[in-house]
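A short worksheet on the structure shown next.
The values are calculated or read from the model by the stated rules, or taken from the named source; none is laboratory data. Remember, it's a predicted structure, so these values are computed and weren't measured experimentally. Note: ideal-geometry Cβ built from the backbone for every residue, glycine included; neighbour counts use all protein chains shown. All accessible areas refer to the heavy atoms of the entire protein, side chains included, with ligands and DNA or RNA removed. Shrake-Rupley method; radii C 1.70, N 1.55, O 1.52, S 1.80 Å.
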Amino acid sequence: MSNPLDHVDQLGAWLKDANLALLELRGPSATLRLVNDGASVRVVEGEESPSVDAPSMTVRAPSPGIFLDRHPLHERAIALVADVRAGDPLGFLQIGPLLLAVPAPRAGTLTDVLVAHGTIVGYGTPLFVLQPIEGEAS
Amino acid sequence: MFKSVLIANRGEIALRIQRACRRLGLRTIVVHSEPDREALYVRHADQALCIGPAATAQSYLNQKAILFAAEVSGAEAVHPGYGFLSENAGFAEQVEAAGLTFIGPTAASMRVMGDKIAAKRAMRAAGVPCVPGPDAALTEDLDAVRAAAREIGYPVILKAAGGGGGRGMRVVESEGGLRDALLLTREEARRAFGNSEIYVEKFLGRPRHVEIQVIADTHGDAVWLGSRDCSLQRRHQKVIEEAPAPLIGDARVREIGERCAEACRQIGYRGVGTFEFLVEDDAFYFIEMNTRLQVEHPVTEMTTGIDLVEAQIRVAQGGRLPFRQDDIACHGHAFECRINAEDPDNFVPSPGVIDTWQMPGGPGVRIDSHASAGYRVSSYYDSLLGKLIVHGATRDVALARLQVALDEARIEGIATNLPLHRRLVADPEFIRGGVSIHHLETKLRRSGQP
């Protein structure tokens, strides 16, 4: 598959022709942003995806919903300072009859829950803090 | 009757809708993208919910996120504003399927009006005058297309059935160019709109863009609320609008207005809508209907004294129109300038932070804007910063107020089209009134601008 970075010049020319200010391409590991200021088109450093080696990580709500710190059939929330594996559900978002799991994006130790059970949250609301598991390479 | 409204839009129109809701005592839920978090209307909302990152596909066009926000907030109605999902029939259906009120027409009305051929057929049936040409898609039979074009008379224009806003159109000067134009337009229509149907119409050389505002309730009543002239356009984007359309006889406008209201009754239309016409030599030709609130609705509000957004919400609540046709009159004249964050010479968008924001005032001056000093103009959205609207007892009085207001307005930190507006309101032909839709582009070309 061709890489968009190989076509920056062509993309830039199209951006100028179409009088568009910005073109953003997002991929799993990188973002390409081309900004047209009228005189020229330049590549702007994109936001980087969070590194899995970051010392701590905030897990955010992927969607609007009502935050639940436990599954409705479970009595207890996930314990703090518990070690979790990547993909483990940390909490849930309830949207009417829908229940969306909020999975751990990586393995780590859950050190903080930032929102109270039952709170309405929006996209991007910080929900949990994960720290690297002690003793493992950061 | 709903008591809460989710506003599925951003910028000045989100604020405009919120003001109407608050005056009606309705709870407002504002959904917003991450960069819009600090906007004034987000802070004023009874509840604000972020629905996604800056990119519109993941936020203001993200139907799932908006419906989720409506569910968790307990919203009972959705106002789509203009642009984004306002003319998306599928979204309107989903909103209603979720048990909420969509503040707009039915999905069926939106589908008919979204298909330019179906719309033309419906308008002809209702007695609304249309541009000469068959109200059916062209077939692959080149001889039949030639015959249709010959009957209309050259020049003709080929248009995509799924197009709109000036896209998917090609002018054909003579029969020699018909075949190639047909192939090209069909291919473009297929690629751009996923619908390769095209149709042919008479091409009008120097038309004006005149539109009629309507509102209909769910009890079978519909009225028209006067005319607007939006001929001052660049690349099909309106720059200055005014109401009423100057230099067209009242009787002619009334006749067209009555037909528009009648068409609404016939098709069972509900809510606000706009019938757009090309006008040449006092003859009106229907081009399309916008099934939503328009950016330029304030000029109609200023001349009729009717709050269109409030009326739109009331009819969505199931109320009867609070006025009859005889109660509606056009008082004075109004103009609207769209203030855009863009370079006034090359029209390239100008994102950044506004350092200075000084807006004019005085009698008959209205500013509809969500911007202020310190506001960051995002590169992700269209460049409309707000609208300067003026009203006066006559067109001359309104124009004088507009000239002074534009002189007073100061926006610094980013480039805006204020200098262009100042030039336009001093243009003798614009001052005289009744310029064609090509006037602005011709004027810009003469001064070497794109």
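A few points about this structure:
- The share of alpha-carbon pairs in region A:92-138 lying farther apart than 15 Å comes to 52%.
- For B:S4, distant residues with modelled amide H under 5 Å away: B:R27, B:E76, B:A77
- Over chain B: helical MRE at 222 nm, DSSP H runs n ≥ 4 each giving -39500 (n - 2.57), nearest 500: -10000 deg cm²/dmol
- Counted charge near B:G374, where neighbours are those whose Cβ lies closer than 10 Å (Asp, Glu -1; Lys, Arg +1): -1
- Residues in region B:347-357 carry Karplus couplings, in order, of 6, 6, x, 10, x, x, 9, 7, 8, 10, 9 Hz; the curve used is 6.51 cos²θ - 1.76 cosθ + 1.60 with θ = phi - 60°, and Gly or Pro positions show x.
- Long-range amide H partners of B:V172 with built H, under 5 Å: B:V156, B:I157, B:L158
- Three-way shape label, chain B, alpha-carbon gyration tensor, a/c 1.5: rounded
- Within the accessible area of region B:208-446 (1.4 Å probe), percent carbon and sulfur: 46 percent
- Surrounding net charge for B:V365, when Lys and Arg each add one and Asp and Glu each subtract one, Cβ distance under 13 Å: -1
- Reachable lysines from B:K159, criterion Cα separation under 16 angstrom, eight or more residues apart if same chain: B:K116, B:K120, B:K202
- Fraction of beta bridges assigned by DSSP in chain B that are antiparallel (%, nearest 5): 80 percent
- For region B:152-215, applying the loop criterion from DSSP together with a ceiling of 16 other beta carbons within 10 Å to the GluC sites (Glu not before Pro) yields B:E173.
- Between chain B and chain A, the total buried accessible area stands at approximately 1600 Å², from heavy atoms with a 1.4 Å probe.
- Counting Cβ atoms of other protein chains within 10 Å of each residue's Cβ and taking the mean over peptide A:89-100 gives 2.
- Phi-derived couplings, Karplus 6.51 cos²θ - 1.76 cosθ + 1.60 at θ = phi - 60°, listed residue by residue for region B:51-64: 10, x, x, 4, 4, 5, 4, 9, 10, 6, 9, 8, 4, 5 Hz, with x used for Gly and Pro.
- Residue by residue along B:70-81, Cβ atoms of other protein chains within 10 Å of the local Cβ number 2 on average.
- For B:L232, distant residues with modelled amide H under 5 Å away: B:V239, B:I240
- In order along region B:304-313, the Karplus-derived 3J(HN,Hα) couplings, from 6.51 cos²θ - 1.76 cosθ + 1.60 at θ = phi - 60°, round to 9, x, 9, 7, 5, 5, 4, 4, 4, 5 Hz, and Gly and Pro are given as x.
- Comparing Cα centroids, region B:384-444 and region B:258-280 end up 28 angstrom apart.
- Evaluating kT/(6 pi eta Rh) at 37 °C and 0.692 mPa s, with the Kirkwood radius of the protein assembly as shown over Cα pairs in the Stokes-Einstein relation, gives 125 µm² s⁻¹.
- Surface accessible to a 1.4 Å probe, per residue, for the residues of the protein assembly as shown, Å²: 44 Å²
- In region B:343-385, burial by the other protein chains removes 30 Å² or more of accessible area from B:V348, B:P349, B:S379, B:Y380, compared with the chain on its own (1.4 Å probe, ligands and nucleic acids ignored).
- Taking all protein chains together and rolling a 1.4 Å probe, A:D83 ends up with roughly 100 Å² accessible.
- Across peptide B:198-208, the mean count of Cβ atoms from other chains lying within 10 Å of each residue's own Cβ comes to 0.
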